[in-house]
Each structure stands twice: as C-alpha cells, then as structure tokens.
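To keep things clear, I will list the structure first and then write my remarks on it.
The values are calculated or read from the model by the stated rules, or taken from the named source; none is laboratory data. This structure is a prediction, so every number in the text was calculated from the model and none was measured. Backbone-built Cβ (ideal geometry, glycine too); neighbour counts: all protein chains shown. Remember, those area values only see protein heavy atoms, side chains included, never the ligands or the DNA or RNA. Shrake-Rupley method; radii C 1.70, N 1.55, O 1.52, S 1.80 Å.
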Amino acid sequence: PAPAPVYSVGFSQTDAGAAITRHLLDRGCRRIAFCGAQLDARVLQRLAGYRQALQAAGLYDPELEILNPERSSLALGSLLFEQVVRTQPAVDGIFFCNDDIAQGALLAATRLGLQVPGQIAIAGFNDLPGSDQMVPPLTTIRTPRSAVGEQAAIMLLQLIRGQTVPQPRLDLGYTLVQRQSS
C-alpha cells in the first residue's frame with residue numbers, strides 16, 4: 001500500500017532560525033550565542049538554522065549554545081542572559097529561541113547597565129505581545145500563529161469530510177521584524 005500522505009501547516013523553523021542569525025551577522029555580530037528553552041522540536045529546528053548560518057559564515061562555536069529544558073519565561077531569559085555575559089564576555093549578539101526569554105534578557109541588560117545593541121545585540125522569535133514595547137524594541141521573527149491554526153482547522157475539516165486537500169503541506173512563511181535591539 002502507498003504511504004499515507006503527510007498533512008502540515010506551518011513554516012520552516014530552520015529557515016527562520018537561519019534568517020535571524022544572518023540578520024545578526026549582517027548587523028556586524030561575530031560571536032553570536034543561541035539561548036534555547038523547552039528544547040522541543042521547534043526550538044531544535046531553530047537551533048539547526050542558527051548552526052547552518054554560522055557554519056556558512058565560518059563562525060560557528062558550539063560553546064555559544066546555551067540550552068535549558070525549563071519552560072520559556074522572562075525569569076529564565078534573565079538567567080540565560082546573565083550566564084552568557086558572565087561565561088562568554090566576547091559575545092556580541094544573542095539569538096533567543098522565543099521572545100519571552102529575549103524580553104527577560106533585555107530587562108537583565110538594563111539591570112546590568114549593558115547597552116543593547118551597542119554592546120550586545122538581542123533577537124527573539126515569535127513576535128509575542130510586548131516585544132515592540134521593550135526598551136529597546138525587540139528584533140524578532142514574526143510567525144503566522146493564528147493563520148496556522150485557521151488553515152490547519154480548514155485542512156482538518158476537509159479531511160473529516162473526505163474532501164481532497166489541495167495543498168497537503170502548506171508553508172505560510174515568516175517575517176523578520178527588525179527593531180532597535182539589533
């Protein structure tokens with residue numbers, strides 16, 4: 001029997017992770033850390049994109065990957081940021097796997113008196129509420145979360161009704177949102 005078709009709605013986490021990393025490279029960063037939390041499949045795909053972009057630039061350093069299985073939060077972002085600046089003082093950019101930990105990092109940078117992006121650039125992922133209100137506003141990847149849910153529901157209804165799904169794999173893309181943190 002033929003294998004069952006795969007149905008999916010989303011975007012390439014790997015491509016988006018590479019895009020935000022290339023953005024930091026384009027802004028002049030050369031020692032870019034990756035801070036990841038939760039470590040689910042999406043975070044690991046973003047990490048793969050980070051690695052690909054830095055390897056292509058000849059700047060990949062596995063020591064700059066800081067991975068923590070805890071849930072993503074402002075508090076964890078603050079701790080991860082402090083860990084990076086304490087253990088890797090030459091880091092000039094950090095890609096956080098999610099905006100909430102990046103927001104926590106921005107707050108920690110203010111507490112520590114570090115200038116963002118002057119001393120260290122910060123980028124997040126998902127363009128969560130409040131990211132545009134941070135000081136400075138957070139550079140991030142905007143993901144089409146609502147559209148993914150809507151399109152997945154439409155696809156599921158088509159499958160339940162026995163209808164043909166015109167595009168079993170639907171890539172809705174992502175947008176790099178450049179703000180003042182990078």
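Annotations
- For the stretch 61-118, dividing the convex hull volume of the Cα atoms by the residue count gives 80 Å³ per residue.
- Candidates Arg111, Arg30, Arg142: whichever shows maximal mean-square fluctuation once the chain is modelled as a Gaussian network with Cα springs under 10 Å: Arg111
- Average accessible area per residue (Å²) across the stretch 2-107 - probe 1.4 Å, nucleic acids and ligands excluded: 44
- DSSP assigns beta bridges within the chain; of those with both partners inside it, close to 15 percent run antiparallel.
- Using a probe of 1.4 Å on the protein chains alone, the accessible area found for Glu150 is around 110 Å².
- The alpha carbon radius of gyration of the chain, expressed as a multiple of 2.2 N^0.38 Å, is 1.12.
- Per residue, the convex hull volume that the Cα atoms of the stretch 36-84 enclose (Å³): 72
- Residue (of Ala75, Gln180, Val43) at the positive-pole extreme of the stretch 41-182, dipole from beta-carbon charges: Val43
- Magnitude of the charge dipole, the chain, Cβ model with Lys/Arg +1 and Asp/Glu -1, debye to 20: 160
- Taking a Cβ cut-off of under 11 Å around Thr139, the surrounding Lys, Arg, Asp and Glu residues balance to a net charge of 0, with basic ones at +1 and acidic ones at -1.
- Once you divide the Cα radius of gyration of the stretch 1-108 by 2.2 N^0.38 Å, the number left is 1.15.
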